[in-house]
Each structure stands twice: as structure tokens, then as C-alpha cells.
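Visitor: The structure is given below, and queries will be raised subsequently.
No value in this document is a laboratory result; all are computed from the given coordinates. Given the structure is predicted, the values throughout are model-derived calculations rather than measurements. Virtual Cβ from ideal backbone geometry, glycine too; neighbours counted across all protein chains shown.
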Amino acid sequence: MEVLKIRKLSKKYQHENGETLALDNINLVVEQGEFVSIIGPSGCGKSTLLSIITGLESKTSGDIFIENKKMNGISSEIGYMLQKDCLLEWRTIYSNVLFGLEIKHMKNRENILYAESLLKKYDLYDFKDKYPNQLSGGMRQRVALIRTLCTKPKILLLDEAFSALDYQTRIKVTEDIYNILKKENITTLMVTHDISEAISMADKVVVLTKRPGTIKKIHKIHFDLENRTPLNCRETPNFSEYFNILWKELGVDER
Amino acid sequence: MSDERKKYLRNIKIKKSLIFVSQILILIVFLGLWEYLADKGIIDKFITSSPSRIIKVFANFNSNHLLEHIRVTVYETLVGFTIGTILGLIIAILLWWSETIAKILDPYLVILNSLPKVALGPIIIVWVGAGTKAIIVMAVAISLIVTILDILHGFLNTDKDLIKMAETFNAKKIQILTKIVIPANKSTFINSLKINIGLSLVGVISGEFLVSKAGLRIFNYLWRSNF
């Protein structure tokens, strides 16, 4: 089933000394349970694309469908995670996790129990009365993910969600988040500038050209592994093949 | 507990008591020096008084109505402080809510802030009469604009990512205000309260200069003229 469908999407920015075409004719489909990564040179409009899908920014033309329903404005079907975990320091972990439900007026028994079950499943329940500054970077990121997941979004958007972490934490968090997303069968669209990260997590990698961003190519990623994780697929020969292909594709555009 | 930990905790304790003892010591030295200089006639007692004479005045506050004057001043300060803070907070919220209004009013706020409010004294008396009201208006005039500017500055500098995070959950503006902006600015409020109580007192004292029948300033004044 198509969870997200983008058709002929374009975005033009207006500013005082003219207009800039940021995205041009983007067509993309994300299927149920799929993990899609978007990579592209910096400034190609990949974060803009996510902001438009969420509804934080307006589009100039084109259509976005979530499960065949046309989207307008900020959608409650979409979960969005930013670069920083954005936990509220004055709230406990428990109260941070329930923040999304509270804002959306969805704080009922069923959803609270679901949030608690996620906290238990991902080893955070013991920390529920602690404050964010008492947790490690990786745990904070997991809390932020659960905050988004307990509102039961149809699709999760990750906007460079791990780039604020140091390298070791980042590998660990990628592993954690990937496992959670696969276990909960979450459809995900991730923007990143890190080619390895894109390959290691995705079923499909979308390559954007530099501004105006258009889709250059979509690569299907497949590893012959029984239990694929971001870490173990890095060790396969396929991984470096994919890396070289994508590197070249991005590299040509850089010049 | 390890020896290292004990040493660490002891050091913290020593540092804390050192700070406290030094603070008390500075006070004692200051008062002692004041008393000594006044006693020896190096500074003029008529102008600066001296600690021992101040204690004497406080000791028989019944005969000189000191308590009553303190009560008036404290009351005026508290009322001015409360009105200034609440009004300032409300106006700051309005300006945060509408960026356009904030931009329109910005130059006027800067001008009002630099205006010496004491100069408005006579006008205030004409408008609200020469009484407690005028003094409270003066206290509010002095503290209000600073409160607005301080709180608005804090509000506008709230972490943009936190606001964006709330927006991704489709938060309404009122939710962003109550659940992100206000709790994120706790230290701004505390700071603003600290500054305000001082400014309100400045306002009350300068108000009492102009129009008072009671209060610490007039007491001060009467006391001197009775010399």
C-alpha cells in the first residue's frame, strides 16, 4: 500500500531580490513499512521537502497524498523528528513522552498505555521520573522517537535526526532507532547528508540534484542478510558498491 | 565513603562558609568604619547619620511613627510592583503574539524606556491627584517598560527548535505559549522580578518626593527638618 505519494511537487521561495526555485517536479512513492532515504548535495532542498510534507512550509504546486488522502496544512498523520531531540528540560521523561499526545488532545488511557509499553520495551521505563539532562544522548533520542511514535503517525520523517550526535553515539543510535522502527513496522522517510547512513538503513535511496532539487535517480538497496541491521550490512561487499555508485552520482553534481 | 569523596565534600563546605563569613565580615567592616568616621567627625553626621543613631531611631519607633511610614512605603512598593509585573507580562505576551505590533511599537518602547519617568511627576499629579495613587503610578511607570522589554526579549529568544517541535504536533499558538515559551522563560521571570522590586521602590521613593503625606521618604524629610 502507498503510504505517501508526492506528485509534481515544486517549491519557489519569494524574497526581496527575486525568487528561487528550490524544488522542481518531485515525484515519489513510499510504501507501507518501507525505509526511504533522501540524499543530495547541501542546499538541494532536501530538508525543505520534509518541511513541506509535514505542512510546516507551503508548497508552490503539486500534491501530497497520505494513504490516498490529499494533504493540506499540518497533518496529524505525520511524525517528524528534527536534528536535536528537543526534549523539554523542565519536564520529566514520562511527561516529555506524553507531550505530543497532550498537544493533540489524544491523552486517553489507551494511548498512555501504548506510550508506557514503548518505554518499557525500549528500556526507558526506569528513567521515566528523571529529567532529560540526566540521560545520555542516545537515550534522549529514543525518548524523542517514542514521543513521536505514541501519536501513531502513518509515516515518520527524520530530518538529519542523528547529525547532532558524536560518531560513536550516532552509530549506536542508528542501530537502536532502526530496530525500533522495524519492530513497530513504521514507514520512514529520512533526509541525510551521510551516504553510509542512507545505505545502511534504507530500502530505497533517493538522490536529489543540486538546486533546483529534482530527483536524479532512485536506487533500490538490497542486502542478502537474514537479520539486517545498519551495522552488519556495512560489512558486506554490496555496501561499498552502493557507496561508490552514490558517491559518483553526488560527486558529478558537486562540480 | 572514600577519603577522596570526603575531601571533596569538605572542600565544598569550606568554600561555602568562607563565602558566608566574608559577606558578614564586609558588612561589619562597613558599619564599623561608618560609625568610626562619624564618631571622629571625619564625615558629617548631619548628612550621613551613623549606625548607632539609626539603631536609636528604630528603638523608639512608637514615638516617631516609623513603623507606620515603613508600612506605607512597603504597601506602595508592593502594589506598584504587582501592577507593573502583571501588566508588563500581559503586554509582553501581546507583543510576542503579534510580530507586526511588536515591530510597529519597537521604537516607541525604546523611547519610553529612555524617558526619565521622574520628569512625568507633575503630569501624573495633575492626572491622578496628589496622593498614594500618584506614587503607585510612578512606581508602575518606572518598572513597566523594563519588564515588557525584558520578558519580550526572553520570549523571542526561546529555542526555535522547541517551537518547531511543538508545531510538528500541530500545536496552536496558545499551546506554544503556555507549554513552551512560558516554562522555557522561568529564569527570565525570576530575573525580571528581581529587577522590578528594586525599580518599584525607586518609583515609590521618587513619588514620595513629589507628593506624600506618609512613607519612608517623607519621614526622612521630616526628621531632617526637625533637626
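Visitor: Hey, can you grab everything whose amide H is under 5 Å from the amide H of A:Met190? Only 5+ residues off in sequence or another chain; H modelled, so Pro and N-termini drop out.
Guide: Distant-sequence amide H within range of A:Met190: A:Val36, A:Ser37, A:Ile38, A:Leu158.
Visitor: Now for a different question. Add -39500 (n - 2.57) for each DSSP H run of 4 or more in chain B, then divide by its residues: what number comes out at 222 nm, to the nearest 500 deg cm²/dmol?
Guide: After summing the helix terms and dividing by residue count, I get -26500 deg cm²/dmol.
Visitor: Using helices alone, I'd like the mean residue ellipticity at 222 nm for chain A: each DSSP H run of four-plus residues gives -39500 (n - 2.57), total over residue count, nearest 500.
Guide: -10500 deg cm²/dmol, from helical runs alone.
Visitor: Count the net charge of all other residues whose Cβ sits under 13 Å from the Cβ of A:Glu34, scoring Lys and Arg as +1 and Asp and Glu as -1.
Guide: Net local charge, A:Glu34 excluded: +2.
Visitor: Sticking with this one: Averaged across the residues of A:86-95, what count of C-beta atoms belonging to other chains lies within 10 Å of each residue's C-beta? Intermediate results must be reported in sequence, preceding the final value.
Guide: Working: counts 9, 2, 8, 4, 3, 2, 0, 0, 0, 0.
Per residue, the average neighbour count from other chains is 3.
Visitor: How would you order A:229-240, A:180-191 from highest to lowest mean count of nearby Cβ atoms within 10 Å?
Guide: The packing order, highest mean first, is A:180-191, A:229-240.
Visitor: Can you give the average number of partner chain beta-carbon atoms within 10 Å of each beta-carbon in peptide A:70-78, as a whole number? Don't jump to the answer; show the numbers that get you there.
Guide: Numbers: counts 0, 0, 0, 1, 5, 2, 2, 0, 2.
Counting Cβ atoms of other protein chains within 10 Å of each residue's Cβ and averaging gives 1.
Visitor: If all Cα-Cα distances of chain A are sorted into 10 Å bins from 0 onward, what percent lands in each bin, rounded to whole numbers?
Guide: 7, 30, 35, 22, 6, 0
Visitor: Just round it to a whole percent: the fraction of Cα-Cα distances in segment B:3-58 exceeding 20 Å. Intermediate values should be presented prior to the final figure.
Guide: Working: 753 of 1540 pairs.
Roughly 49 percent, rounded to a whole number.
Visitor: If you count the DSSP beta bridges with both ends in the protein assembly as shown, what percent of them are antiparallel, to the nearest 5?
Guide: 55
Visitor: Quick one: which residues, 5 or more positions from A:Ile155 or on another chain, have an amide H under 5 Å from its amide H? H modelled 1.01 Å from N in the peptide plane, none for Pro or chain starts.
Guide: Result for A:Ile155 returns A:Gly79.
Visitor: If you build a Gaussian network model of chain A, linking Cα atoms that sit under 10 Å apart, which residue out of A:Thr20, A:Thr60, A:Thr214 swings the most?
Guide: A:Thr20
Visitor: What angle, in degrees between 0 and 90 and rounded to the nearest 10, separates the Cα long axis of helix A:109-121 from the longest principal axis of the Cα atoms of chain A?
Guide: 80
Visitor: Could you sort A:103-111, A:51-59 so that the peptide with the highest average Cβ count within 10 Å comes first and the rest follow in order?
Guide: A:51-59, A:103-111
Visitor: Can you tell me the 0 to 90 degree angle between the C-alpha axis of helix A:237-254 and the longest principal axis of chain A, rounded to 10?
Guide: Tilt of helix A:237-254: around 60 degrees.
Visitor: Take peptides B:1-13, A:1-13 and line them up by average Cβ neighbours within 10 Å, highest first, as a rough protection proxy. Could the numbers behind the result be given before it?
Guide: Values: B:1-13: 9.3, A:1-13: 17.1.
So the order, starting with the most tightly packed, is A:1-13, B:1-13.
Visitor: Right, next: What residues qualify as long-range amide H neighbours of A:Lys216, i.e. H under 5 Å apart, gap of 5 or more or another chain, H built at 1.01 Å from N?
Guide: Those qualifying (amide H under 5 Å, at least 5 residues apart or on another chain) are A:Val207, A:Leu208, A:Thr209.
Visitor: Counting just the Cα atoms, what span does the protein assembly as shown cover along each of its three principal axes? Round to the nearest Å and put the largest first.
Guide: 100, 65, 52
Visitor: Let me ask something else. Once the other residues with Cβ under 15 Å from the Cβ of A:Lys8 are scored (Lys, Arg +1; Asp, Glu -1), what is the net sum?
Guide: +4
Visitor: Antiparallel as a % of all DSSP beta bridges within chain A, to the nearest 5?
Guide: 55
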